[in-house]
1. Just to be sure I understand: with springs between alpha-carbon atoms less than 10 Å apart, which residue in Asn173, Asn107, Asn37 has the highest mean-square fluctuation in the Gaussian network model of the chain?
2. Please give, to one decimal in nm, the separation of the simple spin-label points placed at Glu219 and Gln49, each 7 Å out from Cα toward the Cβ.
3. Assuming a ≥ b ≥ c are the square roots of the Cα gyration tensor eigenvalues, decide whether segment 1-115 counts as rounded (a/c under 1.5), prolate (otherwise, with a/b larger than b/c) or oblate.
4. Before rounding to the nearest 500, sum -39500 (n - 2.57) across all DSSP H runs of length at least 4 in the chain and divide by the residue total; then give [θ] at 222 nm in deg cm²/dmol.
5. What's the Cα-based Rg to Rh of segment 143-245, Rh via Kirkwood?
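Since every read-out is calculated from the coordinates, none of them should be taken as a lab result. Just so we're clear, the structure is a prediction, and the values are computed from it rather than from any experiment. Here Cβ is always computed from backbone atoms with ideal geometry, including for glycine, and neighbour counts include all displayed protein chains.
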Amino acid sequence: MALKGIIVDDETKSRESLRILIEDFCEDIEVCALCQNVDEAIAAIKTHQPDVVFLDIQLQRETGFDVLTRIKDVNFDVIFTTAYSEYAIKAFRFSAIDYLLKPIDVNELKRAIGKVNKKKDNLSVRLQSLIQNLKVPPSGNHKLALPTMEGLIFVKVNDIIFCEASSNYTEINVNDGKKYLVSRTLKEYDELLQDHNFYRIHNSYLINLNAVKKYVRGEGGYVIMNNDRSLTVSKRKKEGFLEKVGIKD
């Protein structure tokens, strides 16, 4: 059975372009309604009970968030469509919320639809996290959604001490002594956290530079973190690390 989808966008061209992409390339989803404002979206959601809503952020004088706050039971998935800046896109990634950047790429569209699950967990929490992260300055203390076996765990970025690679997984070590094994690579977290004073000192380690207790010199040397873990600094990463922390070799 095909998924039911609704497109919400205040621009006619954007609505029609996305509808055509879905009809031409995504056979496992049926577009039930096209909406141009908040009221139309709410009415369509009540009528069609969609599995997924493609939701533009800016809807004339209102926003996509207004749609969600006026729906009592958000039992559908949400894929935001946006022309927002790179900073705003990071807020989506921090909160584990799917988005499509305009103009929409068909492969990204297929990827997002492929992740749609009728039994969504923590959607309201993820949306609250997104709204909060959008308000935080780029270098501020965002909340990061960690996809674990038990579900999504939200931690403050400043509470992360270091991230350690574990094959295609990453182990996140935080201030309270807990460790979370998450189903994302260290490379993904490197891209996400490098603007938050994190630095990859080794193929296996991405560290919070604010959580370094001591650096011990050597060929590459090693750091001692706030939780007393000693982590090797690779020879290749040593110069960049010392520059980051303001130490002359």
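1. Sorting by GNM fluctuation, first place goes to Asn107.
2. Simple spin-label model gives 6.5 nm for this pair.
3. rounded
4. -9500 deg cm²/dmol
5. 0.95
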